[in-house]
1. So what's the gap between the Cα centers of the range 231-260 and the range 111-159, to the nearest angstrom?
2. Provide Rg and Dmax in Å for the range 75-202, with only Cα atoms included in the calculation.
3. Place the peptides 249-262, 3-16, 138-151 in order of packing, highest mean first, counting for every residue the other Cβ atoms within 10 Å and averaging per peptide.
4. How would you rank 382-389, 209-216, 190-197, highest first, on the average number of other Cβ atoms within 10 Å across their residues?
5. So for the range 70-169, averaging the separation of alpha carbon pairs under 8 Å that are six or more residues apart and normalising by length, what relative contact order in percent results?
6. Filter the cross-link list Lys344/Lys464; Lys156/Lys435; Lys83/Lys344; Lys160/Lys427 down to pairs whose alpha-carbon distance in this structure exceeds 26 Å.
7. Taking the Cβ-Cβ separation of Lys304 and Leu11 as r and a Förster radius of 51 Å, what is the calculated FRET efficiency to the nearest 0.05?
8. With the convex hull built on the Cα atoms of the range 1-145, state its orientation-averaged projected area in nm².
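The values are calculated or read from the model by the stated rules, or taken from the named source; none is laboratory data. From a predicted model like this one, the values you see are computed outputs, not experimental measurements. Don't worry about glycine lacking a Cβ; one is built from the backbone with ideal geometry, like all the others, and counts go over all protein chains shown. Only protein heavy atoms, including side chains, enter the accessible area calculation; ligands, DNA and RNA are left aside. Shrake-Rupley method; radii C 1.70, N 1.55, O 1.52, S 1.80 Å.
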Amino acid sequence: MSMNLVVLLYLVASVCFIQALKGLSHPTTSRMGNAFGMAGMAIAVATTVALIFKLRPEIAGPGMGWVLAGVAVGGTLGAVMAKRVEMTKMPELVAFMHSMIGLAAVFIAVATVAEPWALGLVQRGEPIPMGNRLELFIGAFVGAITFSGSVIAFGKLSGKYKFRLFQGAPVVFKGQHLLNLALALAMLGFGAAFVVTQDWTPFWIMLAIAFVLGVLIIIPIGGADMPVVVSMLNSYSGWAAAGIGFSLNNSMLIIAGSLVGSSGAILSYIMCKAMNRSFFNVILGGFGQEGGAAAADATQRSVKSGSSDDVAFMLSNADSVIIVPGYGLAVARAQHAVKEMAQKLQAKGIEVRYAIHPVAGRMPGHMNVLLAEAEVPYDHVVEMEDINSDFGQTDVVMVLGANDVVNPAALVKGSPIYGMPILDAYKARTVIVNKRSMAAGYAGLDNELFYMDKTMMVFGDAKKVVEDIVKALE
């Protein structure tokens, strides 16, 4: 295989990755986007294997056995995990994948520092060029931060572990930011020492600090900001891969890592904008620290509650209905029942649409994926900025397991979520809210929507409640 062909194939793979990102930007083209991504990765892997045979024939035989074994094991595990994962667990899977990318970057950096000649950087016994040492330092510490930070994000997203650092509430302590700053400066100092000396001691210390820093950066971030954290860690994993790509002079790693890093950064910006949050404020863990007090008197206030039969009556007498899905719908796996309910209403001539908030659920696009799995028509799923003006003319809004994204507290100055764009469900003529209990949402805030005269609460598992509504509609 000639180098010209290698460059051409890497270019084709890069174009596939770009088309994958373009396809994944909309539900109607997401399948095509996934197909492009898989094709690009297959081309990149096959080309890299062929390149090893060309450049290092002396290690291609025994070494390729280990490579193929790793591909087989990793590919099998990935396929099994993807097949078994529930839609509600998709955010945790994404965080887990990010952690693996970060750890892979760390391992590659360690291997490169240990035996740079094996990767073709230098001849045996020669020092690594200073530029490559800088790239290895950057790739290693970004990878380490990505790994440990993603592990903490995994625990927070899961919500089932008793370990304090894995719980959704922020973990804060006095002098936290100063400690993070001191550790960051120390990490950079030891990294600079490694770049100058190529000595193992500062390299290991730098890595250890980076692992600790990844934990400390994520633990003060509350659960309400987890969508931003997921996209941020996605960006980190891309930059880690790109940094290692520069060290190995691998154009494919550079391009793919840069695409992931830049797209993750853009997505983080979009998520912060959707929540009216400063990106740096999110990273510093300032969100949600006042939430507990806001929700303290929730149990002392009365709400109007009803049954599934009451909901069926209200829906049957409406001309227009907007459904607002949230994480409670995902936990209950109620998307198929909701689609059936919508079909019965549409058969009666009632307009039914779904309103999607950018940060509903635990990761960007979580609700879109759930509704797509239930084969809800794409033209019935409307984004926040396109549907907010319609709430005032809507007869019934049905909120299923959502909380923070419909909380009017975002309109109140002084609220921890003040300025966060929300779905204007409170403007509808009638609001129906399904929740398991009156517990506060991920932001830890009480929701004034639940106490409005126009609001009726229906308590219970979303799937069972909706299935009962479907029976009552028959």
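1. Result: 11 Å between the Cα centres.
2. Here Rg and the maximum Cα pair distance are 18.4, 52 Å.
3. Numbers: 249-262: 20.0, 3-16: 15.9, 138-151: 26.8.
Descending mean neighbour count gives 138-151, 249-262, 3-16.
4. Listed from highest to lowest mean packing, they are 209-216, 190-197, 382-389.
5. Details: 83 pairs, mean separation 33.4, N = 100.
Over the range 70-169, the number comes to 33 percent.
6. Lys83/Lys344; Lys160/Lys427
7. Numbers: r = 62 Å, r/R0 = 1.22.
Result of the calculation: an efficiency of 0.25.
8. On the way: hull surface 42.1 nm².
Projected over every direction and averaged, the Cα hull of the range 1-145 covers 10.5 nm².
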